[in-house]
Amino acid sequence: MATSQSTKVERTCLICGSLFFEKPSRIRAGRGKFCSSACYRKGRYLYSRPLADRFRDHVGPPTESGCLPWTASVIRGYGQINRGDGQPVLAHRLAWELANGPIPDGLFVCHKCDNPICVNVDHLFLGTAKDNMVDAVSKGRSARGERAGPSKLTLEKVLEIKKLYSQGNHTQQGLADRFGVCQQAIQKILSGENWKYVQ
């Protein structure tokens, strides 16, 4: 026969805050902290070992460049770990937080070493979205020029376009026809709006 709800004790789930009822015997045995198996699984992470200890378990030995590689789960090239609430956090961001405290809103944790799985705090710095982009461009990591997906032009062709136009005997439309692009593409190259890093 099922135990009636009146003989159970009302509890609050430590993960989601929902109210549920549990047998007193399970509570005395140290159980009955979570309302469901999903919350129990999240709670295993949260209440088993400290996050810093779990983080250190997945940091590999230093490389020749001094990087400390993340050895566990990776998403989009970056290491990740579960905080304990069921939500993943990027490993390099957690490395920064463990060493320096919370990351201010709106700031990124950027890599000096350009190794996305590196969690060495000495290789990390805080920056805005603009700082992150400037860093990527300065190190040649951004998709620009011929590395940009839809680009029809190469660096050599852009240099030739600039040279031909500077000689004064080619129109923008003539160059567009010759190189298989629209006149606006030629105009943006010549004005420096596109391919601005090509002098």
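The values are calculated or read from the model by the stated rules, or taken from the named source; none is laboratory data. Treat the numbers as computed from the prediction; the structure is a model and nothing was measured. Note: ideal-geometry Cβ built from the backbone for every residue, glycine included; neighbour counts use all protein chains shown.
With hydrophobic (A, V, I, L, M, F, W, C) and under 28 Å from Tyr40 (Cα atoms) as the only criterion, which of Leu98, Leu68 stands out? One residue alone meets the criteria, Leu98. For Gly149, the conditions (1) in a helix (DSSP H, G or I); (2) at pLDDT below 85; (3) not hydrophobic (A, V, I, L, M, F, W, C) all hold with the exception of (1).
Quick grid of which residues meet (1) surrounded by 15 or more Cβ atoms within 10 Å (Cβ to Cβ); (2) in a helix (DSSP H, G or I); (3) modelled with pLDDT under 90:
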site	(1), (2), (3)
Arg41	no, yes, yes
Arg44	no, yes, yes
Phe55	yes, yes, no
Thr63	no, no, no
Gly66	no, no, no
Gly79	yes, no, no
Ala95	yes, yes, no
Phe125	yes, no, no
Lys130	no, yes, yes
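You will find that of Ser18, Ser25, the residue that is surrounded by 12 or more Cβ atoms within 10 Å (Cβ to Cβ), more than 21 Å from Ala99 (Cβ to Cβ) and modelled with pLDDT of 85 or more is Ser18 and no other.
Exactly one residue out of Ala185, Ala176 is assigned to a helix (DSSP H, G or I), over 26 Å from Val134 (Cβ atoms) and out of contact with any Asp or Glu (no Cβ under 9 Å at 6 or more places or on another chain): that is Ala176. So in segment 101-117, with the set limited to residues that are more than 14 Å from the chain's Cα centre (by Cα) and more than 30 Å from Gly17 (Cα to Cα), which one is surrounded by the fewest Cβ atoms within 10 Å (Cβ to Cβ)? Per the criteria, the residue is Lys112.
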